[in-house]
Amino acid sequence: MKWIAIAVGVLVLLVLVVVIVGYVQPVKHRAVRQATYHATAPHLYDLITQVGTASTWRSTKDEVPFVIVERVPSQRVVTRISDPNLPFGGSWTYELTPADSGRTTLRITEDGEVYNPVFRFVSRFIMGHTATIDQYLRDLGRHLKEEPAIS
């Protein structure tokens, strides 16, 4: 019985530490990642903005509602999460820059907000703020039949 009480006490302490550390993390964060593809800026822009077809090449099927806030054809797209009831929010800015030999660099900047302190802990220390961007860039590379170097 003593071991059960110790185990429960350790578990409660662990949860308390996660909540406290989550509370002291900032709600807002910025994460930036990029990759270069053997594709033109107009082609990448079309893939980014044709949201209805993203499910055919993205591995993450989460339905996160967003709106497109800004469009500059073949150069820039800004999206913002539109559901205020989610435990997170923020925006993604996609910037397309032509590189050499018909290649294009896609830079994604996430200006994120994580409202729940437990989710802040997980986002910061377990998943990492760049995890979703990295997966997006890998999925895009897989769709284009290449493996991009993500930095």
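Being closer than 20 Å to T36 by Cα and open to solvent by 80 Å² or more (accessible area, probe 1.4 Å) is the filter here, so list the residues in region 57-84 that pass it.
Within region 57-84, P73, Q75 meet the criteria.
Six or more apart or on different chains, Cβ atoms under 7 Å: show the pairs whose first residue is in region 68-91 and within 19 Å of E113 (Cβ to Cβ) and whose second is among the acidic types (D, E) and in a strand (DSSP E or B).
Final answer for the pair search is V78/E70; F88/E113; G89/E113; G90/E110; G90/D111; G90/E113; S91/D111.
Could you list all residues from region 113-142 that are open to solvent by less than 40 Å² (accessible area, probe 1.4 Å) and of a type in the set (K, R)?
Residue satisfying the conditions is R120 alone.
Being touching a strand residue (DSSP E or B) at 6+ places or on another chain (Cβ under 9 Å), surrounded by 15 or more Cβ atoms within 10 Å (Cβ to Cβ), over 21 Å from E110 (Cα atoms) and in contact (Cβ under 8 Å) with a residue 40 or more places away in the chain is true for just one of A31, A35, A39. Which residue is that?
Being touching a strand residue (DSSP E or B) at 6+ places or on another chain (Cβ under 9 Å), surrounded by 15 or more Cβ atoms within 10 Å (Cβ to Cβ), over 21 Å from E110 (Cα atoms) and in contact (Cβ under 8 Å) with a residue 40 or more places away in the chain holds for just one of A31, A35, A39, which is A39.
Just to be sure before I move on: is E110 open to solvent by 60 Å² or more (accessible area, probe 1.4 Å) and of a type outside the set (A, V, I, L, M, F, W, C) in the structure I sent?
Judged against the criteria, E110 is not a match.
Among the residues of region 85-101 satisfying the criterion of being closer than 24 Å to L144 by Cβ and open to solvent by less than 50 Å² (accessible area, probe 1.4 Å), which is modelled with the lowest pLDDT?
Among those residues, the one meeting the criterion is A99.
Would you confirm whether any residue within region 25-33 is at pLDDT below 95 and among the basic types (K, R)?
no
The values are calculated or read from the model by the stated rules, or taken from the named source; none is laboratory data. Worth saying up front: this structure is predicted, and the values here are computed from it rather than measured. Neighbour counts are summed over all protein chains in view; Cβ atoms, including those assigned to glycine, are modelled from backbone coordinates with ideal geometry. For the accessible areas, the whole protein counts, side chains as well, though only heavy atoms, and no ligand, DNA or RNA atoms are used. Shrake-Rupley method; radii C 1.70, N 1.55, O 1.52, S 1.80 Å.
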